[in-house]
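Encoded as structure tokens, the structure appears first; notes follow it.
The values are calculated or read from the model by the stated rules, or taken from the named source; none is laboratory data. All values derive from a computational prediction rather than experimental measurement. As a convention, Cβ positions derive from the backbone with ideal geometry for all residues, glycine included, and neighbour counts pool all protein chains shown. Just so you know, the surface numbers come from the protein's heavy atoms only, side chains and all, with ligands and any DNA or RNA stripped out. Shrake-Rupley method; radii C 1.70, N 1.55, O 1.52, S 1.80 Å.
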Amino acid sequence: MRVDLHNHTPLCHHASGTPEQYLQKAIELGINIYGFSCHAPMAFDPEYRMALSELPEYMSTIKSLRERYDEQIDVRIGLEVDFIKGKEELIESAVLEAKVDYLIGSVHFLNEWGFDNPEFIGRYKHADMTQCWSEYLDSIAAMAQSGLFQIIGHFDLLKVFDNPPPSALLPKLRTTLESIKDNACVLEINSAGLRKPCAEQYPSREILQIAKKLEIPITFSSDAHSIEQVGAGYEICRDLALSLGYTHICAFKDKERETFALT
Ligand SMILES: [Zn+2]
Ligand SMILES: [Zn+2]
């Protein structure tokens, strides 16, 4: 079973190609369950996400594709939701109430700083990375504890510009993973990191090793923002999961977890 649950659409203004083209690529690659999870509307950083008024269009576009391609692929509808610690009220009730199969919670901001956006890379020069990682992990833990999300997006995204977590924070990485476990969230192995300066999937092998010991379930995603990114890097992520002893992967339907053999 091949699953890919995190893929974007042009509604977020920074992805190219139509959802139908993504789906055709997914079918070509033999993906069995394919999920769209575009950036959910929020009254924050509006140029990188769909507008609240576009949410119905997003839902209906994916639903009609799901019907049209029903015989060839199992299409799921999700949303990737920004979690900004201390600004939880920004999360729209329309997003939480939307009839989606799953919500991916993602931390892309430390306060106002969109740390994965190359536009703001200059801020790293003055950043205390131990402090940043500590705040980032606090945000991930709070996001897991919120109980709003089925999937934790790109767990160690802060390494994107090649700033891996300092080893002094290993105990904190562990407790963050424990909160994911305690709140029954699933970790995605996201291949987007392979095409970024950090040049490895999210999360790292070391983090996944701890996750495996804690028996945190996993899923796969390519986080595609273009047609050629659909399914890219999957084999690396799958082989990594297999080498760590993972035998199963997850997907979601109506926010209920499903488990499949990893082959
Ligand atoms: Zn994006
Ligand atoms: Zn993301």
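Jot down the per residue volume, in cubic angstrom and as a whole number, of the convex hull over the alpha-carbon atoms of the stretch 1-157.
Details: hull volume 18.9 nm³, N = 157.
Per residue, the Cα convex hull of the stretch 1-157 comes to 121 Å³.
Among the lysines, which fall within straight-line cross-link reach of residue 99, defined as a Cα-Cα distance under 24 Å, with same-chain neighbours fewer than 8 residues apart omitted?
Within reach: 63, 87, 253, 255.
Accessible area, 1.4 Å probe, largest first: how do 8, 13 sort?
I get 13, 8, largest accessible area first.
Take a quick pass over the stretch 144-241 and tell me how many lysine pairs come in under 21 angstrom between Cα atoms, counting only ones 8 or more apart or on separate chains.
Numbers: 159/172; 159/196; 159/212; 172/181; 172/212; 172/213; 181/212; 181/213.
Going through the stretch 144-241 pair by pair, I get 8.
Apply the Karplus parameterisation 6.51 cos²θ - 1.76 cosθ + 1.60, with θ equal to phi minus 60°, to every residue of the stretch 168-184 and state each ³J(HN,Hα) to the nearest whole Hz, in sequence, with x for glycine and proline.
In residue order, the calculated couplings are 4, 8, 3, x, 6, 4, 5, 5, 5, 5, 5, 5, 5, 4, 4, 9, 6 Hz.
Quick check: pseudo-label points 7 Å beyond the Cα along Cα→Cβ at residue 113 and residue 135, how many nm apart are they?
Distance between label points: 0.6 nm.
Kirkwood hydrodynamic radius, the stretch 105-263, all distinct C-alpha pairs: what's the number in Å?
Values: mean 1/r = 0.0626 Å⁻¹.
After inverting the pairwise mean of 1/r, the radius is 16.0 Å.
Once amide H atoms are built 1.01 Å from N in the peptide plane, which residues 5 or more positions from residue 39, or in another chain, come under 5 Å H to H?
The answer is 9, 50, 80.
Among residues other than residue 178 whose Cβ falls under 13 Å from its Cβ, what is the net charge (Lys/Arg +1, Asp/Glu -1)?
Values: positive: 172, 174, 181, 213; negative: 182, 215.
Combined, the nearby Lys, Arg, Asp and Glu give +2.
When the Debye formula is applied to the Cα atoms of the stretch 22-107, each taken as the same point scatterer, what base-10 log of I(q)/I(0) results at q = 0.13, 0.20 Å⁻¹?
With one equal scatterer per Cα and no solvent, log10 I(q)/I(0) is -0.45, -0.91.
Top to bottom by accessible area (1.4 Å), largest first, where do 87, 159 land? Can you show the working numbers first?
Numbers: 87 60, 159 5 Å².
The most accessible residue leads, giving 87, 159.
Set the Förster distance to 22 Å, then compute FRET efficiency between residue 263 and residue 227 from the Cβ-Cβ distance, nearest 0.05. Could the numbers behind the result be given before it?
Working: r = 25 Å, r/R0 = 1.15.
Taking R0 as 22 Å, the efficiency between residue 263 and residue 227 is 0.30.
What GluC sites (Glu not before Pro) does the stretch 64-124 have in DSSP loop regions with at most 11 other beta carbons within 10 Å? List each step's numbers first, then the result.
On the way: sites: 67, 71, 80, 88, 89, 92, 97, 112, 119; in loops: 71, 92, 112.
Filter output for the stretch 64-124: 71, 112.
Stretched out fully, how many nm does the piece from residue 97 to residue 168 gain, at 0.36 nm a residue minus the Cα gap? All intermediate terms of the calculation are to be shown ahead of the outcome.
Details: separation 71, 0.36 × 71 = 25.56 nm, distance 3.94 nm.
Stretched fully, the residue 97-residue 168 segment lengthens by 21.6 nm.
Around residue 235, with a cut-off of 13 angstrom between Cβ atoms, what is the net charge of the other residues, counting Lys and Arg +1 and Asp and Glu -1?
Working: positive: 2, 238; negative: 4, 239.
Net local charge, residue 235 excluded: 0.
Using 0.36 nm per residue of separation minus the Cα-Cα distance, give me the extension gain between residue 51 and residue 125 in nm, one decimal. Each step should come with its number before you reach the end.
Working: separation 74, 0.36 × 74 = 26.64 nm, distance 3.27 nm.
Stretched out fully, the residue 51 to residue 125 stretch lengthens by 23.4 nm.
Calculate one ³J(HN,Hα) per residue across the stretch 214-221 by plugging θ = phi - 60° into the Karplus curve 6.51 cos²θ - 1.76 cosθ + 1.60, and present them in order as whole Hz with x for glycine and proline.
Listing the rounded values in order: 7, 6, 7, x, 10, 9, 10, 8 Hz.
Provide the FRET efficiency to the nearest 0.05 for the residue 1-residue 235 pair, computing r from the beta carbons and using R0 = 22 Å. Write down the numbers at each step before the final one.
Values: r = 15 Å, r/R0 = 0.67.
With a Förster radius of 22 Å, E is 0.90.
For the stretch 178-257 and the stretch 74-127, compute the distance between their C-alpha centroids and round to whole Å.
18
Checking a compactness column here: for the stretch 74-188, what do you get for Rg(Cα) / (2.2 N^0.38 Å), N being the number of residues?
Details: Rg = 14.4 Å, N = 115, 2.2 N^0.38 = 13.4 Å.
The reported ratio for this selection is 1.08.
Enumerate the aspartates and glutamates that residue 85 could reach by cross-link, defined here as Cα to Cα under 13 Å, with residues fewer than 8 away along the same chain left out.
Cross-link targets: 112, 135, 138.
Pop out the ³J(HN,Hα) list for the stretch 186-198 in order, Karplus 6.51 cos²θ - 1.76 cosθ + 1.60 with θ = phi - 60°, rounded to Hz; leave Gly and Pro as x.
Each residue's phi maps through the Karplus curve to give 9, 8, 8, 9, 10, 7, 4, x, 5, 9, 10, x, 5 Hz.
Heavy-atom accessible area of residue 238 with all protein chains present, probe 1.4 Å, nearest 10 Å²?
Per-residue accessible area (residue 238): approximately 60 Å².
Need the full-extension length gain, residue 178 to residue 89, defined as separation in residues times 0.36 nm minus the C-alpha distance. One decimal, nm. Kindly include the intermediate steps, with their values, before the conclusion.
Working: separation 89, 0.36 × 89 = 32.04 nm, distance 2.49 nm.
Taking residue 178 through residue 89 to full extension adds about 29.6 nm, to one decimal.
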